[in-house]
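Here's the structure we're looking at; comments come further down.
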Amino acid sequence: MIATKGYAAQTKESALAPWSFQRREVGPHDVQFDILYCGVCHSDLHQIKDEWGGSIFPMVPGHEIVGKVVAVGAHVTKFKVGDLAGTGCMVDSCRVCESCQQGLEQYCLVGNSQTYNGLEQDKKTPTYGGYSNTIVVNEDFVLHIPQNLDLAATAPLLCAGITTYSPLRHWKVGPGHKLAVVGLGGLGHMGVKFGVALGADVTVLSTSPRKEADAQKLGAHHFMVTTDPAQLEAASGQFDFILDTVSAEHDYMQYMTMLNVDGVHICVGAPPTPSAMHAFSLIIGRKSIAGSSIGGIAETQEMLDFCAEHDIVSDIEMIDIKDIQPAYDRMVKGDVRYRFVIDMATL
Ligand code: NAP
Ligand code: ZN
Ligand code: ZN
């Protein structure tokens, strides 16, 4: 076994604290890489606090992981020692179901293995995430990280990046489309960058007036404050697509009014509480509400290559791992600019 250092929550009430644990030896198809940076996703906080239910403790969060390969198994063909490597939200899946066959491992019908707060495909070995110094992952779930991008700023692409890229590609968002991104946080700021790169006319819908200048710097064409009734009125019927990244309870029907005929409201934000929806908010205008989960492995590599080509990375604030709690506190207040990334050298 490989002795590993990390930060873990022991229960849903406890704060993250140093914890030592074991990872499996490098198997024939495994890659071991030392973790240099790990992004901090709002999902980490939802799960440590068990807001979605079913959390497994002790929990080592982190699924925006990048680093350098230190060992490869005998049958590994895709990586060699010294390569840059990354892992996102999944470390395995069944490989044989219809979804897996289509490269949609995120929708594995048997259940994929989440990078943390999950179980390996044996359905009994718990997984531990990227707030740690090293990780062992089957090579099929390890991504190649482009050389030309800043490594720390690349980490958030593994979740915030793919989660916003995948739906924009699925719904073929591009030139001639009006896209609204709701919530300017980790996911939202990546949604803006991708929307702009794909040629859409992008509006940020935010509760934070102070983020307007940042939205413009990120490339957004318009900015609206959703707490201002006059601005909401002006947004009526405006958008072809709304990418909703909000982490907390909010009124979906309010956003339906902003969709044009045939408009689609895409939920990627995952508030812990259910919401009510009146059928008429969809019927009038033939509107849809949809959801999307991260992206498959091949699509994640496509997204990384797209970022390399378009020079896209996340805007990050680097933190020391001992400052994780203040970072969470700021995240809850919507005060993230626009992703915290842990410098794992501080572990
Ligand atoms: P984040 O950085 O905290 O950003 C969320 C943003 O939502 C905030 O910055 C804020 O933006 C807005 N917001 C927060 N509370 C709000 C409220 N009560 N009403 C309206 N807006 C509010 O979080 P994140 O890491 O981007 O994650 C966002 C959500 O996506 C989380 O629920 C996370 O679990 C989920 N997620 C889903 C997937 C997936 O596969 N579907 C993957 C990753 C994450 P403004 O200040 O601009 O209003
Ligand atoms: Zn995430
Ligand atoms: Zn499967």
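The values are calculated or read from the model by the stated rules, or taken from the named source; none is laboratory data. Remember, predicted model here, so these are calculated numbers, not experimental data. As a convention, Cβ positions derive from the backbone with ideal geometry for all residues, glycine included, and neighbour counts pool all protein chains shown. Ligands, DNA and RNA are excluded from the accessible area calculation, which covers all protein heavy atoms including side chains. Shrake-Rupley method; radii C 1.70, N 1.55, O 1.52, S 1.80 Å.
Would you check if L104 is touching a helix residue (DSSP H, G or I) at 6+ places or on another chain (Cβ under 9 Å), in contact (Cβ under 8 Å) with a residue 24 or more places away in the chain and more than 16 Å from ligand 3 (Cβ to nearest atom)?
No; evaluated as a whole, the condition is false for this residue.
Quick check on this structure: which one of C94, C38 is within 16 Å of ligand 3 (Cβ to nearest atom) and at pLDDT 95 or above?
C94
Need pairs with beta-carbon distance below 7 Å; first residue on the phi > 0 side of the Ramachandran plot and within segment 29-50, second aromatic (F, W, Y) and within 11 Å of ligand 1 (Cβ to nearest atom); sequence gap 6+ or separate chains.
If the second residue must be aromatic (F, W, Y) and within 11 Å of ligand 1 (Cβ to nearest atom), no pairs are left.
Within the bounds of segment 275-283, is there any residue that is exposed (fewer than 15 other Cβ atoms within 10 Å of the Cβ), within 16 Å of ligand 3 (Cβ to nearest atom), small (G, A, S) and not assigned by TED's automatic domain parsing to the domain that holds V137? Please lay out each step first, then the result.
The first filter runs over segment 275-283 and keeps only residues exposed (fewer than 15 other Cβ atoms within 10 Å of the Cβ), leaving 275-280, 283.
Subset that is within 16 Å of ligand 3 (Cβ to nearest atom): none.
So far as segment 275-283 goes, no, none of its residues is exposed (fewer than 15 other Cβ atoms within 10 Å of the Cβ), within 16 Å of ligand 3 (Cβ to nearest atom), small (G, A, S) and not assigned by TED's automatic domain parsing to the domain that holds V137.
Which condition from (1) out of contact with any Ser or Thr (no Cβ under 8 Å at 6 or more places or on another chain); (2) farther than 17 Å from G86 by Cβ; (3) surrounded by fewer than 15 Cβ atoms within 10 Å (Cβ to Cβ) is the one that V110 breaks?
(1)
Which is more than 14 Å from ligand 1 (Cβ to nearest atom) and over 19 Å from the mean Cα position of the chain (by Cα), of L109, L151?
Only one candidate passes the filter, namely L109.
Going through segment 11-25 one residue at a time, which ones are of a type outside the set (S, T, N, Q), closer than 28 Å to D140 by Cα and surrounded by fewer than 18 Cβ atoms within 10 Å (Cβ to Cβ)?
Listed by number, the residues that qualify are F21, R24, E25.
Which count do you get for residues in segment 49-68 that are open to solvent by 10 Å² or more (accessible area, probe 1.4 Å) and either part of a strand (DSSP E or B) or among the β-branched types (V, I, T) (or both)?
Applying the first criterion (open to solvent by 10 Å² or more (accessible area, probe 1.4 Å)) to segment 49-68 yields 49-58, 63, 68.
From the residues that got through so far, the ones that are either part of a strand (DSSP E or B) or among the β-branched types (V, I, T) (or both) too are 56, 68.
Going through segment 49-68 one residue at a time, the tally reaches 2.
Within segment 218-229, is there a residue that is closer than 21 Å to P156 by Cβ, open to solvent by less than 40 Å² (accessible area, probe 1.4 Å), in the same structural domain as K178 (by TED's automatic domain parsing) and touching a residue at least 40 places away in the same chain (Cβ under 8 Å)?
Checked segment 218-229: at least one residue is closer than 21 Å to P156 by Cβ, open to solvent by less than 40 Å² (accessible area, probe 1.4 Å), in the same structural domain as K178 (by TED's automatic domain parsing) and touching a residue at least 40 places away in the same chain (Cβ under 8 Å).
Yes or no, residue by residue, for (1) among the charged types (D, E, K, R); (2) farther than 23 Å from H42 by Cα; (3) out of contact with any Phe, Trp or Tyr (no Cβ under 7 Å at 6 or more places or on another chain):
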position: K178; (1), (2), (3): yes, yes, no
position: G185; (1), (2), (3): no, no, no
position: G188; (1), (2), (3): no, no, yes
position: V196; (1), (2), (3): no, yes, yes
position: P209; (1), (2), (3): no, no, yes
position: H221; (1), (2), (3): no, yes, yes
position: T226; (1), (2), (3): no, no, yes
position: L232; (1), (2), (3): no, yes, yes
